[in-house]
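The structure appears below as structure tokens.
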Amino acid sequence: MDPNHKRSKTVDRVDSKTESTQFPDEVLERVLSLIKSNKDRSSASLVCKDWYNAERWSRRHVFIGNCYSVSPEIVAARFPKIRSVTIKGKPRFSDFNLVPDDWGADIFPWLNVFATAYPFLEELRLKRMAVSDESLEFLATKFVEFKKISMLSCDGFSTNGLKAIATHCKNLTELDIQENGIDDLGGHWLSCFPESLTSLEVLNFSSLNSEVCFKALEKLVSRSKSLRVLKVNRNISLDQLQILLSHAPQLMELGTGTFMQELVSGPVTGLKNAFSNCKKLLTLSGLWDATPLYLPVIYSACANLTFLNLSYATLRSDELANLLSHCKCLRRLWLLDTVGDKGLEAVGTSCPLLEELRVFPADPFDQEILLGVTESGFVSVSRGCPNLRYVLYFCRQMTNAAVATIAKNCPNFTHFRLCIMNPGQPDYLTKEPMDEAFGSIVKTCPNLQRLAVSGLLTDRTFEYIGKYAKNLETLSVAFAGSTDLGMECVLGGCPKLRKLEIRDCPFGNSAFLSGVGKYESMRSLWMSACNVTINACRTLAKERPRLNVEVMKDEGGCNDGQAHKVYVYRTVAGRRKDAPPFVLTL
């Protein structure tokens, strides 16, 4: 067969009008508008020129996984009718303070272009972006139909920026502020919402620290009849929470304030009744400083809960067990490790439908703490929760046998993130590396998409990953590996790999350059505290000009020739123009 035959058929299919495309443009655009998946829409746009144009004009939302992978000008030219934009900025390791604050990812250049290209923009969702008060004021004043803003792990702004949003966005339906590095200047911004605003559906300011103007909050909640998500900060007392719930029994998601008995002026009957009236409640979070005396007031609202976030509640095992006995429909559960293994046994007993579990350390920096969770609790959960698909588990000890049992009990994992908090720790019983643990995960769980490994690991772990993890998209590695072979196995064996994050590992130039043919099909590679040199980075940049290869210089510069922090990502926008002096783009 002619080797060009398949290619020529593809070209003919893209360039010609087939019978399947003989629709009026309006009909084809309407059909494509019903497709919600960005991947599916992108695939549809490759069928032929008609479909490409129809998809282009019918697209209303765009997701940008790396703000430097494309420019705002290119986005605006490609999609002329966008109403909703999601943008991610800094690499994920910025969450671990490995990326300087002034690295970049400023939202303003995007807003400046969008003000002309998308004057009717309605929705903006940002993650790890640099956002200034000036940018928020620009957003609030330039986009007359703006309705929704969500900021997660962003920084650079203050409550003055929120004041601008509250003052100028007359049609606001969502204000969602989560885990941001925000300069909290006080809660007076809540008083800036106009009395005429009744459209609010989502309000989340749980990560702010200051006291808010409660009268303004109460008025806002009482007139927002469509409010379905309300997450307040820990300064809202139980008395105040009771008042808010009386105005909004229709809530589907609630984040409470502090749950301390000192903050209740009267009997708990009123608070219990307020919770029992929340018939539609599906998500519950907050519960700061929860005490056994007041936890029972939420029991009546737990019957239909699908997500319970207790990551701010230092509960003990018996308190958790009592609570979970009322939560038979839970699909997602976040906990602190103060619940111990006994608490996790209660999870296995009471939550048969559970699909996601996250267990966080109450004090990750205190190495002397002997409490917490172990492999025993994890195994208990796996026995009782066969539908478990997503896990993030922080612990101080683990065994190969336990992880093998967990994989056998829960073969449908798509996300498996195990963090043994002491770097390089082996199986504490056998003293063997944890290779077989992660080998059992990738062998037994064929749908695995995201994996984070920890503990004492040799190249064998990465051989297993390369051989068996055929659907893996994101891999996070720290303090692991023996030689370059480990990284080479991953890059050579995981066909769907999109993000590879590595820190404090022995991988060097050979491993790094083994991915020359792979990186253009990935979204990004992060390596820090490894054995990669600047010359190797130059080699990659020369061979793959469509990649941005960035080296972040430490305070002492790069005089030793080592590339201490390397960030590689594909881009159609070329070298970024706002790189700070400590970022060397090769």
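The values are calculated or read from the model by the stated rules, or taken from the named source; none is laboratory data. Since the structure is predicted, the reported quantities are computational estimates derived from the model, not experimental observations. Here Cβ is always computed from backbone atoms with ideal geometry, including for glycine, and neighbour counts include all displayed protein chains. Accessible surface is based on the protein model in full, side chains and every heavy atom, while ligands, DNA and RNA are left aside. Shrake-Rupley method; radii C 1.70, N 1.55, O 1.52, S 1.80 Å.
Remarks
- DSSP finds beta bridges in the chain, and of those with both partners inside it, around 20 percent are antiparallel.
- Distances between placed amide hydrogens fall under 5 Å for A290 paired with F259, T314, all partners being 5 or more residues away or on another chain.
- Farthest toward the positive end of the dipole of the range 441-586, out of P446, L500, A511, is the Cα of P446, where the dipole comes from beta carbon charges about the Cα centre.
- Distance between the range 192-259 and the range 101-145 - C-alpha centres, whole angstrom: 26 Å
- Positive-pole candidate from P423, G187, C385, dipole of the chain, charges at beta carbon: C385
- A simple rule links phi to the HN-Hα coupling: the Karplus curve 6.51 cos²θ - 1.76 cosθ + 1.60 with θ = phi - 60°, which for the range 387-399 gives 8, 4, 10, 10, 9, 10, 10, 9, 8, 10, 7, 7, 10 Hz, with x for Gly and Pro.
- Think of the chain as having a plus end and a minus end, set by charges on the Cβ of Lys, Arg, Asp and Glu; of T86, A105, S350, T86 sits farthest toward the positive end of this dipole.
- In terms of its Cα atoms, the chain spans 81, 64, 57 Å along the principal axes, sorted from long to short.
- Seen through its C-alpha gyration tensor, with square-root eigenvalues sorted a ≥ b ≥ c, the range 64-163 comes out oblate because a/c lies at 1.5 or above while a/b is not bigger than b/c.
- Highest average packing first - 452-463, 423-434, Cβ atoms within 10 Å: 452-463, 423-434
- Per the Cα gyration tensor, the range 427-532 maps to an equivalent ellipsoid with semi-axes of 20, 17, 11 Å, ordered largest to smallest.
- Carbon/sulfur fraction of accessible area - the range 510-586, other protein chains in place, 1.4 Å, %: 47 percent
- A Förster distance of 30 Å, applied to the separation of the beta-carbon atoms of S132 and E543, puts the FRET efficiency at 0.20.
- For S285, the residues 5 or more places off, or on other chains, whose built amide H falls under 5 Å of its own are L254, G255, T256, N309.
- A simple rule links phi to the HN-Hα coupling: the Karplus curve 6.51 cos²θ - 1.76 cosθ + 1.60 with θ = phi - 60°, which for the range 410-426 gives 10, x, 9, 4, 10, 10, 10, 10, 9, 10, 7, 5, 8, x, x, 7, x Hz, with x for Gly and Pro.
- Among the listed pairs K81/K470; K90/K280; K81/K577; K90/K231; K431/K467, a Cα-Cα separation exceeding 30 Å is found for K81/K470; K90/K280.
- Of K147/K225; K49/K88; K148/K225; K39/K408; K88/K565, those spanning more than 22 Å from alpha-carbon to alpha-carbon: K49/K88; K39/K408
- The chain - charge dipole about Cα centre, Lys and Arg +1 at Cβ, Asp and Glu -1, debye rounded to 20: 2100 debye
- Rounded to the nearest whole Hz, the Karplus-based 3J(HN,Hα) values (6.51 cos²θ - 1.76 cosθ + 1.60, θ = phi - 60°) of the range 278-288 follow the sequence 7, 6, 9, 5, 10, 10, 9, 9, x, 6, 4, with x at glycine and proline.
- Between the C-alpha center of the range 416-458 and that of the range 284-301 there is a gap of 35 Å.
- Highest mean packing comes first when the peptides 97-104, 52-59, 275-282 are listed by Cβ atoms within 10 Å, giving 52-59, 275-282, 97-104.
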